[in-house]
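What follows is a single structure, written as structure tokens, with notes after it.
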Amino acid sequence: MKQLKKIAVECKNIGLSYDGGKTEVLKDITLRIEPGEFFALLGPSGSGKSTLLRLIAGFNQHQRGQLLVDGKDITGVPPYARNIGMVFQSYALWPHMTIWDNVAFGLVERRVDKATVKQKVGAALELVGLAQYANRRPNQLSGGQQQRVALARTIVIEPQVLLLDEPLSNLDKKLRVQMREELRSLQRTLGITTVFVTHDQEEAMTTADRMAVMDKGIVQQLGTPAALFDYPANPFVANFVGTTNLLAGEIDQINGDTVRFRAQGIGDITLPKHPDVRAGKMAISFRPHTVKMQVGDSVRDGAYLWLNGAVEHTEFLGEFTRYRVRVGDSLVTADQAHFSGMTPFAESAAVRLGVDATQIRYLAV
Ligand code: ADP
């Protein structure tokens with residue numbers, strides 16, 4: 001199949017309420033999805049992701065703001081006139097039709113001539129690797145294959161934008177990983193602007209060029225997966241994108257190069273000063289894999305913040321061991337890479353945790 005025209009999708013101050021304004025589900029959503037981008041909407045259940053996706057498709061209407069596709073405001077344009085393709089979680093294939101007829105459906109409905117239908121359906125099935133299954137019915141295919149039929153059926157109409165609503169959640173873990181790679185490569189081949197809704201941060205991070213993390217109808221942060229992981233804007237994003245340690249407290253002294261952080265239930269910690277650091281309540285965040293663990297205090301390294309604790313719980317995950325270490329009133333998570341022959345830290349062992357100072361983030365609370 002040929003590359004499709006790459007177009008932008010823009011939401012400007014979009015607000016949407018149900019129940020005549022009582023339940024505000026989307027609050028002032030502003031974001032721009034770049035032409036040809038693979039964009040993920042990531043957030044917990046109920047955060048408004050599907051509502052936003054269905055709004056782009058035309059199934060939901062917003063009360064405030066603008067929706068621009070390829071620079072044109074399409075607010076009020078009905079779904080069938082939008083030229084937007086959507087793949088649903090349930091695939092929604094016609095059970096009584098062959099795979100070929102399922103894929104051809106949208107073209108036949110649009111009264112495309114027979115020769116073109118044949119050529120386009122053939123190319124779409126080829127693209128998703130299902131040409132040899134054209135005469136089967138959906139229930140004669142595996143879940144992953146049905147998902148590919150749903151994709152072929154959507155892209156065959158050459159939509160301007162491809163919308164994917166949790167398309168992999170009905171598949172088992174291994175197939176999900178394989179399908180997300182396929183999705184990504186298909187999207188690259190076609191160059192189509194794609195919006196992908198998921199509650200699975202790993203799925204969003206592995207597929208998306210950029211993503212928006214949503215909570216309570218608000219875009220909490222927007223950026224590349226690495227930027228969101230490395231520089232979360234607030235405690236919600238820090239917790240939702242990857243795993244993190246969050247220590248609440250207050251900065252009560254700012255000195256030359258250091259600040260004093262009074263961590264709740266831990267005590268005073270001296271931390272390196274950061275340009276945006278302010279006195280007052282805040283949380284510090286650091287990832288479990290950036291924490292070094294050792295017994296005793298033989299090595300003291302100035303680039304690390306050292307905390308004393310006791311191992312409370314151990315989880316062996318193969319590549320690494322996840323330790324929950326009691327530090328004062330808090331439990332700190334520390335992931336230690338695992339290699340065969342290593343002796344793990346015992347439960348209740350007294351340990352020192354070294355937190356790489358360059359990896360500590362200050363978050364407003
Ligand atoms: P997500 O996709 O992130 O799980 P949704 O967009 O489906 O979230 O839902 C966002 C919120 O809107 C939820 O609180 C949900 O209960 C509410 N909601 C969704 N559809 C309707 C509807 N038709 N009427 C009223 N409330 C709705």
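Points worth noting:
- Arg153 vs. criteria touching a Leu at 6+ places or on another chain (Cβ under 7 Å) and either of a type in the set (Asp, Glu) or open to solvent by 10 Å² or more (accessible area, probe 1.4 Å) (or both): no
- With respect to the conditions (1) surrounded by fewer than 21 Cβ atoms within 10 Å (Cβ to Cβ); (2) farther than 21 Å from Glu10 by Cβ; (3) not assigned by TED's automatic domain parsing to the domain that holds Leu353, Ala248 falls short on a single one, namely (3).
- Residue list for the range 199-220, filter: away from the ligand (no atom under 13 Å from the Cβ), crowded, with 18+ Cβ neighbours inside 10 Å and under 14 Å from Leu31 (Cβ atoms): Ala208, Arg210, Met211
- Scanning the range 214-224 for residues that are free of Cβ contacts under 8 Å to residues at least 40 places away in the same chain and in contact with a Lys or Arg (Cβ under 8 Å, 6 or more places away or on another chain) returns Gly223, Thr224.
- Thr30 in the same structural domain as Gln145 (by TED's automatic domain parsing) and without any contact (Cβ under 8 Å) to a residue 60 or more places away in the chain: no
- Condition check for Ile14: within 16 Å of the ligand (Cβ to nearest atom) and more than 23 Å from Tyr80 (Cβ to Cβ): no
Yes/no per residue for (1) among the charged types (D, E, K, R); (2) touching a residue at least 60 places away in the same chain (Cβ under 8 Å):
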| position | (1), (2) |
| --- | --- |
| Leu228 | no, no |
| Tyr231 | no, yes |
| Asp268 | yes, no |
| Arg278 | yes, no |
| Arg287 | yes, yes |
| Leu307 | no, no |
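- Considering the range 59-172, the qualifying helices (runs of 4 or more DSSP H), each wholly inside and each with 3 or more residues that are of a type in the set (Lys, Arg), run over 114-127.
- Put simply, of Ala263, Ala334, Ala357 the only residue that is touching a His at 6+ places or on another chain (Cβ under 9 Å) and in contact (Cβ under 8 Å) with a residue 40 or more places away in the chain is Ala334.
- Of all the listed residues (Ala303, Ala279, Ala337), the sole one being surrounded by 12 or more Cβ atoms within 10 Å (Cβ to Cβ) and of a type outside the set (Phe, Trp, Tyr) is Ala279.
- Residue under evaluation Lys173, criteria (1) open to solvent by 10 Å² or more (accessible area, probe 1.4 Å); (2) closer than 30 Å to Lys12 by Cβ, criterion not met: (2)
- Screening the range 155-198 for residues that are touching an Asp or Glu at 6+ places or on another chain (Cβ under 7 Å) and within 16 Å of the ligand (Cβ to nearest atom) and picking the one that is modelled with the lowest pLDDT gives Leu168.
- There is no residue in the range 65-84 that is within 11 Å of the ligand (Cβ to nearest atom), modelled with pLDDT under 95 and open to solvent by 10 Å² or more (accessible area, probe 1.4 Å).
- Applying the condition of being crowded, with 17+ Cβ neighbours inside 10 Å and assigned to a loop (DSSP other than H, G, I, E, B) to the range 43-58 and asking which residue is farthest from the ligand (Cβ to nearest atom) yields Gly58.
- Checked against (1) surrounded by 14 or more Cβ atoms within 10 Å (Cβ to Cβ); (2) modelled with pLDDT under 90; (3) out of contact with any Phe, Trp or Tyr (no Cβ under 8 Å at 6 or more places or on another chain), Gln147 meets all criteria but (3).
- Test: residue in the range 272-288 that is more than 30 Å from the chain's Cα centre (by Cα) and in a strand (DSSP E or B): yes
The values are calculated or read from the model by the stated rules, or taken from the named source; none is laboratory data. None of the values given here were measured: they were computed from a predicted structure. Cβ coordinates were reconstructed from backbone atoms using ideal geometry, including for glycine residues, and neighbour counts include every protein chain displayed. Each accessible area value is taken on the protein alone, full model and side chains, heavy atoms only, with ligands, DNA and RNA left out. Shrake-Rupley method; radii C 1.70, N 1.55, O 1.52, S 1.80 Å.
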